[in-house]
Amino acid sequence: MPPRQTRRFRIPLTLAVPFVLSGVPALLYGAAASAAELRYYEIPAGPLAERLNRFAAQAGIHVAGDAALTAGKRSQPLDGTYEIEQALNILLEGSGLQAVPTRTGGYEVRVLADGGAGMALDAISVNEVAEERTYRASTSAIGDKFETPFLEQSQTAYSVTRQVLDDFAVSDLEETVKFVPGITVGNSFGGTQDSLVKRGFGNGVDGGVLRDGIRTARGRNFNSITTERVEVLKGPASLLYGMQEPGGVINVISKKPTYQWRGTLGGQLSSEGGGSGYFDVSGPLGGSGFAFRLIGQHKDEDYWRNFGVNRDKVVAPSLAFESEAFSATLSYEYSDYSSVLDRGAFLYDGHAVGDRDHRLDEHWTRIEGHRQYASLALEYRFSPTSRLRFNYGWNQDDSSDFQADPNAYNPETGELRRRFRSNPDIERSRNYAALDWLNELELGGMRHELTLGADHERHDESNGFFHQGPNTWGFDPESPHYGDLERTEIVNLGNSQQRSRVRMLSVYAKDNIHIGEHWILSLGLRHQRFRQRDGQGIPYQIGTNVNKIKNLPFAGLVYKVNDEFSLYANYSESYKPNIVEAGTGVDGGSDPEEGRQYEIGFRYDNGWLSGLVALFDIRKENIQTTETVGGERFTRAVGEARSRGLEASLNGQLGERWNVIANYAYTDTKVLKDTEATEDNELVNVAHNVAGLFLSYDLPQSVLPGSLRIGGGARYVGSREGDLANSFELSGYTTYDAFATWSLPDVIGKKAQVQLNVDNLTNKRYFISSGETSNRVSWGAVRTATLSASVDF
């Protein structure tokens with residue numbers, strides 16, 4: 001590496017004049033220039049959009065430019081100490097482009113037209129330019145709250161970019177796991193809630209799904225039309241995100257308002273019947289600094305088994321404001337849904353009774369309700385390197401479910417026993433507020449990326465009367481006849497009137513310390529106080545009533561070998577409050593589940609491809625065990641389990657036309673301490689081996705107008721244990737997917753697109769997950785084709 005040096009680069013007067021001519025006030029240019037400060041940058045030559053994006057992350061600014069400007073161009077290398085404007089113009093040298101300050105404190109990339117006048121172009125963020133056309137993400141903020149370049153991240157993070165979501169027509173979070181190593185599907189309550197097992201740990205109530213960094217109520221938390229991308233942070237993430245399992249968190253990042261007009265009408269048809277339609281429109285509101293976005297969808301789609309319909313109505317307005325030092329975004333989303341609740345298969349002696357096509361429940365089995373999300377994000381920028389950020393979020397899911405629950409099988413008569421169950425009045429809500437001070441500063445000759453924050457969370461869950469009918473024999477799964485199971489509203493007193501209330505208040509700090517040119521030391525600490533009160537039953541009985549304090553440390557280290565390779569290691573911890581069932585005694589208190597992880601890894605990034613290999617070891621303690629002693633039930637927080645393994649991934653471009661996602665994970669789990677029946681067993685729904693390979697290819701210009709993109713891939717999931725006793729196993733499987741996209745740039749002056757997706761090409765019969773018992777095993781879907789079309793306006 002060349003020695004560190006200081007260079008001064010002054011913009012000639014002939015370059016400053018076009019800035020004024022292109023509509024940028026001279027006063028504003030002077031303010032932006034004076035705000036620039038000398039910093040050391042180290043950015044190699046490479047694709048222009050990627051290098052500008054990396055520079056923006058390092059400088060803490062926003063850089064915008066049209067996709068056509070950066071396509072196919074490469075930037076100059078940057079190595080030395082510069083002001084922001086100087087560094088930008090060096091990166092753009094020889095490209096025919098220049099960087100112009102904007103009123104929001106960022107910069108816009110422009111090209112000079114004939115005569116020297118600046119030609120303004122519709123601006124989109126460089127980050128969008130880079131990620132819309134590739135499967136690779138160059139930065140992520142999920143681990144630091146800063147946009148951290150890939151090679152400088154001290155934890156294992158993955159991004160499922162917008163291009164991946166579009167190409168493979170991803171419809172729920174369960175489909176995103178195809179593109180991230182080490183994640184399988186858990187107990188999803190009949191396919192009605194997100195339940196993802198990450199590095200061996202997790203379920204539908206683990207607190208591990210976030211929406212724009214805010215924990216969500218259990219249920220479904222992903223909609224393709226409102227989602228920009230999905231980020232995954234592996235391992236304990238309690239330092240920044242509080243209560244969750246040690247496997248990691250998944251952050252669903254919503255679409256935001258844009259300052260250029262864009263509008264899309266689209267729809268989708270399913271081979272199973274029905275489909276959906278949507279609109280998405282966004283743009284500025286005059287010249288006042290405001291912008292809006294409005295998204296709406298109506299879905300009415302037939303379920304892939306022999307009956308059932310999924311319906312959903314969504315409306316999502318959002319409003320943004322930008323000024324030189326201040327920005328704000330206010331978002332809301334409302335969803336009115338009715339979803340199939342399918343208990344799946346009943347396994348007897350390791351085999352499913354009945355078949356994949358015919359359900360074992362009734363036509364009325366479903367969950368229906370409405371979800372709401374609201375968030376407010378405020379940011380004040382004291383300087384390009386110091387900002388104060390406030391986030392508030394509220395989400396709520398009110399629902400009613402109706403179940404035809406199979407619970408026994410008689411092999412002599414071939415009959416299945418079922419019962420009616422229902423939670424007709426469920427309310428779940430989350431409130432979250434956080435205040436963060438984000439600073440990039442020089443102390444002791446070292447650069448620091450310092451986060452100081454405080455947050456408060458409030459969780460409330462309740463239900464009313466829980467209905468449960470009598471067990472009823474007589475259902476033949478081989479030749480099913482529906483309509484014989486009555487919905488008897490008999491109240492189950494023990495399971496009624498459930499209440500759960502959690503209040504959490506914490507302060508935290510994290511500092512990424514850049515030591516020289518190669519080392520980054522990351523240190524963090526969270527001081528967490530939480531109060532929890534749970535109970536249920538008629539008469540009402542308290543199960544948990546605790547007030548706890550917990551300190552959670554974090555330590556990470558990154559060594560940047562050169563511009564393309566880095567090594568990293570970290571130690572992190574997690575916690576998750578335990579819920580003690582009402583009516584049981586508590587032996588030894590109700591301490592939260594605690595997790596810790598040791599991890600080491602290797603990263604590679606050449607501007608086109610990024611990859612990593614990580615080794616991890618996780619241990620979780622204080623897992624609850626319930627026992628009956630002397631006729632009375634006691635809860636003991638004594639259980640312990642571990643998970644260790646390897647993850648590898650490779651994402652990005654293989655040349656100009658190819659994109660690739662390749663991943664593999666090996667995960668080995670074991671119950672270390674529990675009852676005699678489960679000790680030394682493996683954890684549920686965790687496969688030893690999971691692998692995926694997905695490719696896309698942009699075809700050269702052909703006889704067809706427009707452009708054609710094709711792709712597909714395969715995912716392998718190994719065998720998994722179906723319950724904690726390891727009494728049955730779900731066999732491994734491989735599924736194949738494919739797509740073809742035809743884009744037409746000018747249909748009556750508008751851009752249009754038609755896309756065909758086929759999932760499970762070979763119509764593989766497989767089980768996707770277990771509900772931790774043999775009578776609740778979820779089938780994987782049959783071969784399904786979807787035809788989608790959209791037009792911009």
- Query: Is it the case that residue 159 is closer than 25 Å to residue 696 by Cβ, modelled with pLDDT of 90 or more and surrounded by fewer than 23 Cβ atoms within 10 Å (Cβ to Cβ)?
  - Reply: no
- Message: Yes or no: segment 700-712 includes at least one residue that is out of contact with any helix residue (DSSP H, G or I) (no Cβ under 8 Å at 6 or more places or on another chain) and either outside the structural domain of residue 358 (by the TED database) or buried (at least 21 other Cβ atoms within 10 Å of the Cβ) (or both).
- Response: no
- Task: Report yes if some residue within segment 749-756 is farther than 25 Å from residue 300 by Cβ and free of Cβ contacts under 8 Å to residues at least 12 places away in the same chain; otherwise report no.
- Result: yes
- Task: Could you tell me which residue of segment 697-728 is nearest to residue 186 (Cα to Cα), considering only residues that are of a type in the set (Val, Ile, Thr) and modelled with pLDDT of 90 or more?
- Result: 717
- Note on the structure: residue 264 fails exactly one of (1) polar (S, T, N, Q); (2) in a loop (DSSP other than H, G, I, E, B); (3) at pLDDT 95 or above, namely (2)
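Could you identify the single residue in 748, 768 that is surrounded by 18 or more Cβ atoms within 10 Å (Cβ to Cβ), in the same structural domain as residue 658 (by the TED database) and among the β-branched types (Val, Ile, Thr)?
Among 748, 768, only 768 is surrounded by 18 or more Cβ atoms within 10 Å (Cβ to Cβ), in the same structural domain as residue 658 (by the TED database) and among the β-branched types (Val, Ile, Thr).
Yes/no per residue for (1) over 28 Å from residue 769 (Cα atoms); (2) assigned to a strand (DSSP E or B):
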{"site": "355", "(1), (2)": "no, no"}
{"site": "376", "(1), (2)": "yes, yes"}
{"site": "392", "(1), (2)": "yes, yes"}
{"site": "398", "(1), (2)": "no, yes"}
{"site": "402", "(1), (2)": "no, yes"}
- Does any residue of segment 213-220 turn out to be under 14 Å from the mean Cα position of the chain (by Cα), in contact (Cβ under 8 Å) with a residue 12 or more places away in the chain, farther than 25 Å from residue 335 by Cα and surrounded by 23 or more Cβ atoms within 10 Å (Cβ to Cβ)? no
- Query: Before we move on, is residue 327 small (Gly, Ala, Ser), in contact (Cβ under 8 Å) with a residue 40 or more places away in the chain and out of contact with any strand residue (DSSP E or B) (no Cβ under 7 Å at 6 or more places or on another chain)?
  - Reply: no
- Which condition breaks for residue 313 when tested against (1) surrounded by fewer than 17 Cβ atoms within 10 Å (Cβ to Cβ); (2) farther than 16 Å from residue 220 by Cα; (3) touching an Asp or Glu at 6+ places or on another chain (Cβ under 6 Å)? (2)
- Query: In segment 42-78, what residues are modelled with pLDDT of 70 or more, part of a strand (DSSP E or B) and crowded, with 19+ Cβ neighbours inside 10 Å?
  - Reply: 43, 47, 63, 64, 75, 78
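Let's see how each residue does on (1) in contact (Cβ under 8 Å) with a residue 12 or more places away in the chain; (2) within 30 Å of residue 407 (Cα to Cα); (3) touching a Gly at 6+ places or on another chain (Cβ under 8 Å):
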| site | (1), (2), (3) |
| --- | --- |
| 693 | yes, no, yes |
| 704 | yes, no, no |
| 712 | yes, no, no |
| 743 | yes, no, yes |
| 766 | yes, yes, yes |
| 769 | yes, yes, yes |
| 781 | yes, yes, no |
| 785 | yes, no, no |
- Task: With respect to residue 174, determine if the residue is within 13 Å of the chain's Cα centre (by Cα), at pLDDT below 95 and charged (D, E, K, R).
- Result: yes
- Message: So, in segment 597-619, exactly how many residues are touching a residue at least 60 places away in the same chain (Cβ under 8 Å) and of a type in the set (A, V, I, L, M)?
- Response: 4
- Query: Quick one: would you say residue 340 is of a type in the set (Val, Ile, Thr) and surrounded by fewer than 17 Cβ atoms within 10 Å (Cβ to Cβ)?
  - Reply: no
- Can you pull out the strands (runs of 3 or more DSSP E) entirely within segment 472-539 that have at least 2 residues that are within 38 Å of the chain's Cα centre (by Cα), crowded, with 19+ Cβ neighbours inside 10 Å and not small (Gly, Ala, Ser)? 499-515, 519-536
- Query: Any idea which residue in segment 270-310 is nearest to the chain's Cα centre (by Cα), counting only those that are among the acidic types (Asp, Glu) and part of a strand (DSSP E or B)?
  - Reply: 280
- Message: Of everything in segment 227-238, what is buried (at least 24 other Cβ atoms within 10 Å of the Cβ) and either of a type in the set (Ser, Thr, Tyr) or not in a strand (DSSP E or B) (or both)? Give them in sequence order.
- Response: 235, 236, 237, 238
- When restricted to 629, 671, 684, the only residue modelled with pLDDT under 90, among the β-branched types (Val, Ile, Thr) and more than 21 Å from the chain's Cα centre (by Cα) is 629
- Message: Out of the residues in segment 146-186 meeting the condition of being in contact with an Asp or Glu (Cβ under 6 Å, 6 or more places away or on another chain) and not in a helix (DSSP H, G or I), tell me which one is farthest from residue 599 (Cα to Cα).
- Response: 161
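Results for (1) touching a Lys or Arg at 6+ places or on another chain (Cβ under 6 Å); (2) modelled with pLDDT under 95; (3) not hydrophobic (A, V, I, L, M, F, W, C), shown as yes or no for each residue.
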| residue | (1), (2), (3) |
| --- | --- |
| 217 | yes, yes, no |
| 227 | no, no, yes |
| 278 | no, no, yes |
| 292 | no, no, no |
- Test set (1) within 24 Å of residue 171 (Cα to Cα); (2) assigned to a loop (DSSP other than H, G, I, E, B); (3) aliphatic (A, V, I, L, M) - residue 677 fails condition number: (1)
- Count of segment 436-454 residues which are in a strand (DSSP E or B) and free of Cβ contacts under 8 Å to residues at least 12 places away in the same chain: 2
- Message: Here are the criteria: (1) in a loop (DSSP other than H, G, I, E, B); (2) aliphatic (A, V, I, L, M); (3) more than 26 Å from the chain's Cα centre (by Cα); (4) modelled with pLDDT of 95 or more. Tell me which single one residue 754 does not satisfy.
- Response: (1)
- Message: Looking only at segment 745-760, how many residues end up being closer than 30 Å to residue 729 by Cα and in contact with a Gly (Cβ under 8 Å, 6 or more places away or on another chain)?
- Response: 1
- Query: Any residue at all in segment 370-392 that is over 24 Å from the mean Cα position of the chain (by Cα), over 30 Å from residue 325 (Cα atoms) and at pLDDT 95 or above?
  - Reply: no
- With respect to residue 735, is the statement that it is assigned by the TED database to the domain that holds residue 272, more than 30 Å from residue 415 (Cβ to Cβ), surrounded by 15 or more Cβ atoms within 10 Å (Cβ to Cβ) and β-branched (Val, Ile, Thr) true? yes
- Inspect segment 311-324 for any residue being modelled with pLDDT under 95, outside any strand (DSSP E or B) and more than 30 Å from residue 776 (Cα to Cα) and give the result as yes or no. yes
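The values are calculated or read from the model by the stated rules, or taken from the named source; none is laboratory data. Given the structure is predicted, the values throughout are model-derived calculations rather than measurements. Cβ atoms come from the backbone with ideal geometry, glycine included; neighbour counts cover every protein chain shown.
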